[in-house]
Structure formats: structure tokens, C-alpha cells
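Presented below is the structure to which this report refers.
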Amino acid sequence: MTNRTPDGPTPEAVRDRLDRVTDPELDRSIVELEYIDGIEIDVRTVTVHLTLPTAWCSPAFAWMMAVDSRTEVEELPAVERARIYLHEHMHEIEINRGVNAGRSFPEAFPDAEDTVDAVRAELDRKARTARQYDAVEALLEAGLEAETIVSLRPRDLERTDGDDRLSIYLSDRAVAVSVSAEPIDRYLEKARETGLVDADTDPLFLTPEGEPIDSGEFELVHRRGRLAQVNMSSQGGICDGLRESRERRLEASD
């Protein structure tokens, strides 16, 4: 369900902003996961309706997705206000009321044990670790050794062949290795977002705790990345199954 008024943003522009919002447990876009039920546009006010795969999804996770959706949509120049409505969730009243009134998570959930910031930091760490695994796998498949990988800096990457490939120069730029840019770009996006890779001279890859990797601990760190990635993939598979089951129930009830 989408519409547009003459002075408002397009539904496509709103959806593009929402595509930047991820399920923090899965590190996948809420658009890709089909959580968006509808977008309503009334001049400069945008209303977004979303439903998660389960009614018992963590209120902290649901809160983050709702807040991030509101923030992203309100970044559009043509939008003055975004309203987010979560449906079929056991805490939808508290979340909808709190997010749309601009309250903090503790104000909406005074009995919560953890803060949203603490939960977000842990999930960001997990997502960064999983994305790093994919990036490192691409480098290993290209033939780079562990010692070379842990010594890399952002300055060692050079984009070639448009936006699809990166060249990594070795041996004082005597040798170049070409790799797919996508997994490294995704990793760098999260590493920069979390403030761990800022300058071109910072270590490119880090331990889950954010420390430089010694070549002797490379295998252990890479295995930890694999575990994080498998965990996210498994959770994603469960959520996909739950969403498909919900869609079948809705179709059967029509």
C-alpha cells in the first residue's frame, strides 16, 4: 500500500531509505526481509507500517528498527514527519507510542534491564565480525596469506573496473590482486559506522573486541567470524520460515 501527494516524496524514495534499516539480529535490510506492509504519504508526512516475523521479537530489537526507520525517512528533504506503526507485536502499543512521541527506550520500558545502546553495540559487534568473515574469505580465495591480510590498511585498496572490483597492491605495488568489492565494502561500512576503521592507516581487520589481529591468532579470529556468520544465517532462515508461515495463514484466511 503506497501513495503519493504532489509535494511529498515518492514511495520509491521512502523505500530506498528504509532499505538502509537492518534487522539488528540478522544484519539484513527490513525491505529485503519484507517487514514493510505499507507506506502512506500525506504531503510531507510519511506513515510506515511494519510487521516482524513473530509477536515476541525482542522489544529492544523492534524499538531499534522502528526508531531507525523514522530517522531514515525523516532524512528525506521532502519529509517533515515520519510515523512508524508496528503491528502484531506484544509490545506494539509501547513501541508505537514511544517512537512516535520521540521518547527514549527507558521511558517506554522503565523495567528493561539493558539499554538499547548496549544491545545495539553488541549486535553491531556481531554484524561486523560476520561481515569481516565474508571479506576475509574473498581475500583468501584470491590467494592472499594470513600474514598479508592482517597487515592490510584501507589505503592498500584501490577500486578498479568501475565499482565492482578492488585491487590490493603487494610487494611495494609490484603485484596487484583483484577481488570483488562487495564483501569488503559491506564490512567497511559497518567498521566505519562503529568507529573502528576511521583513517586510511588503521588496520583493516580486527578481532571481535576491536583489537589488531596478530598473524598467530588469525585462524582463531576467522573461526569466530564464521560462527557469527552461521548464527546470523540460521536466525535468518528461521525468520524467513516464520514469515512464509504467516503469509500462508493470511492467504488462507482471505
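The values are calculated or read from the model by the stated rules, or taken from the named source; none is laboratory data. All values derive from a computational prediction rather than experimental measurement. Please note: Cβ atoms are built from the backbone with ideal geometry, for glycine as well, and neighbour counts cover all protein chains shown. Just so you know, the surface numbers come from the protein's heavy atoms only, side chains and all, with ligands and any DNA or RNA stripped out. Shrake-Rupley method; radii C 1.70, N 1.55, O 1.52, S 1.80 Å.
Filter segment 196-209 down to the residues that are open to solvent by 20 Å² or more (accessible area, probe 1.4 Å), of a type outside the set (D, E, K, R) and without any contact (Cβ under 8 Å) to a residue 24 or more places away in the chain and list them by number.
If the condition is that a residue be open to solvent by 20 Å² or more (accessible area, probe 1.4 Å), of a type outside the set (D, E, K, R) and without any contact (Cβ under 8 Å) to a residue 24 or more places away in the chain, then no residue fits.
Which residue, of I39, I84, is crowded, with 19+ Cβ neighbours inside 10 Å and closer than 23 Å to P106 by Cβ?
I84
Here's a check for you: in segment 89-136, which residue that is among the small types (G, A, S) and closer than 16 Å to S58 by Cβ is surrounded by the most Cβ atoms within 10 Å (Cβ to Cβ)?
Going through the qualifying residues, I end up with A127.
Search segment 212-230 for residues being of a type outside the set (A, V, I, L, M) and within 22 Å of the chain's Cα centre (by Cα), and hand back the single one that is most open to solvent (accessible area, probe 1.4 Å).
Once the filter is applied, the top-ranked residue is R223.
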